[in-house]
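The values are calculated or read from the model by the stated rules, or taken from the named source; none is laboratory data. Treat the numbers as computed from the prediction; the structure is a model and nothing was measured. Note that we place each Cβ from the backbone using ideal geometry, even for glycine, and neighbour counts take in every protein chain shown. For accessibility, only protein heavy atoms count, side chains too; no ligands or nucleic acids. Shrake-Rupley method; radii C 1.70, N 1.55, O 1.52, S 1.80 Å.
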Amino acid sequence: MGVHSRYYRELADELAVIGWSSCILAARGIDRDTERPSRDNDWAYADLAAALGGHVGRVREQHPGIPVVLLGHSLGGQVALGHLLSGGDADGLVLAGASEPYFRRYGGRGWGLWGLAAAVPPVTAAYGYWPEWGFGGPQPKTLMREWARLVRRRRFPYPEGPLPYDALDLPTFVLQVEGDELSVPRAARALVRAVREESVTWWDYRRADAPDGAEIDHHAWAKAPAPAVAALQDWWSRERVAASSR
């Protein structure tokens with residue numbers, strides 16, 4: 001949310017070092033080659049999930065037999081999960097700093113999050129969208145209202161309703177960053193419950209493991225991705241070995 005696609009170039013470069021091909025999807029409404037949200041240009045979580053599904057289909061068609069692993073960061077993790085819960089396809093899932101941001105999962109700080117979500121309906125009614133000066137802006141009206149309902153009422157945006165338990169059975173890697181205040185462990189666990197527990201691998205990116213001089217947080221880990229990519233490579237190697245032995 002609110003992050004342009006070029007922010008992830010270092011992550012893509014590091015994946016290339018280990019021989020993985022990657023595609024970074026455009027940040028709709030933020031990247032230069034996309035139309036900004038407005039009163040007349042609106043979209044929802046379902047539209048982002050559909051775009052993701054279309055991209056996965058194109059990759060499958062162009063590279064048959066190559067496993068596809070979805071990496072969703074923050075809001076992107078929610079979209080990737082929505083894609084899969086709605087019958088979408090992938091061979092693996094990486095949830096990085098992704099959570100169910102229900103305000104009660106954040107202790108006393110959660111009331112600030114609740115207040116932010118409460119501001120979404122009147123602000124989007126006035127502007128026709130969520131403006132750039134707002135958290136994660138600019139964003140379209142419908143998507144932000146769906147996000148606000150998730151924060152205040154635990155209504156997952158797409159597919160709409162409570163998150164199911166153990167609905168997915170695919171290799172899933174959960175990347176949590178030490179000190180991440182936007183994806184606290186309690187909120188991350190609530191999102192990951194949609195995947196069968198035995199399919200989930202948790203990995204903590206600790207500040208002590210960051211490269212010298214690098215600061216990591218909810219966003220900045222992607223600027224110092226080498227430890228996370230090494231952990232991803234190890235996880236996927238083990239998953240492929242396990243799959244071949246079944």
*Please work out the average accessible area per residue across segment 84-193, using the 1.4 Å probe convention, and give it in Å².*
42
_Need one number: nm distance between label points at H63 and R189, each 7 Å from Cα along Cα→Cβ, rounded to one decimal._
3.5
*Ranked from highest to lowest mean number of other Cβ atoms within 10 Å per residue, what is the order of the peptides 124-133, 144-153?*
144-153, 124-133
_Amide H contacts under 5 Å for W202, placed H, 5+ residues apart_ = V174
*Compare D40, D169 by solvent-accessible area with a 1.4 Å probe and give them largest first, with all protein chains kept in place.*
D40, D169
*Given H placed 1.01 Å from N in the peptide plane, which residues other than close sequence neighbours of F156 have an amide H under 5 Å from its amide H?*
G161, L163
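Run the dipole for the chain about the Cα centre, Lys and Arg Cβ at +1, Asp and Glu Cβ at -1, nothing else charged, and hand back the magnitude in debye, nearest 20. Intermediate results must be reported in sequence, preceding the final value.
Numbers: 28 positive and 30 negative charges, 169 e Å.
It works out to roughly 820 debye.
Quick one: length gained pulling F135 to I24 fully straight, 0.36 nm per residue minus the C-alpha distance?
Working: separation 111, 0.36 × 111 = 39.96 nm, distance 2.23 nm.
Full-extension gain reported as 37.7 nm.
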*Using alpha carbon centroids, what distance separates segment 51-68 and segment 204-240, in Å?*
26
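Compute the relative contact order of the chain as a whole-number percentage, counting only Cα pairs closer than 8 Å that sit 6 or more residues apart in sequence. Display every interim value, and only then the final one.
Working: 391 pairs, mean separation 52.2, N = 246.
Relative contact order here is 21 percent.
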*asked:* Can you compute the modelled spin-label distance between H218 and W202, with each label point 7 Å from Cα toward Cβ, in nm?
replied: 2.0
*asked:* How tilted is helix 226-244 with respect to the longest principal axis of the chain? Cα atoms for both, answer in degrees (0 to 90, nearest 10).
replied: 60
*Mind running the shape call on segment 80-135? Use the C-alpha gyration tensor, a ≥ b ≥ c as the square roots of the eigenvalues: rounded below 1.5 for a/c, prolate if a/b tops b/c, oblate otherwise.*
oblate
_Per-peptide average of other Cβ atoms within 10 Å, ordering 28-36, 189-197 highest first_ = 189-197, 28-36
*Round to the nearest 10 and give me the degree value, 0 to 90, for the angle of helix 141-153's Cα axis relative to the longest principal axis of the chain.*
80
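Within the accessible area of the chain, what % is carbon and sulfur when the probe is 1.4 Å and the other protein chains stay in place?
On the way: 6040 of 12350 Å².
Exposed carbon and sulfur together represent 49 percent of the surface.
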*Among residues other than Y102 whose Cβ falls under 9 Å from its Cβ, what is the net charge (Lys/Arg +1, Asp/Glu -1)?*
+4
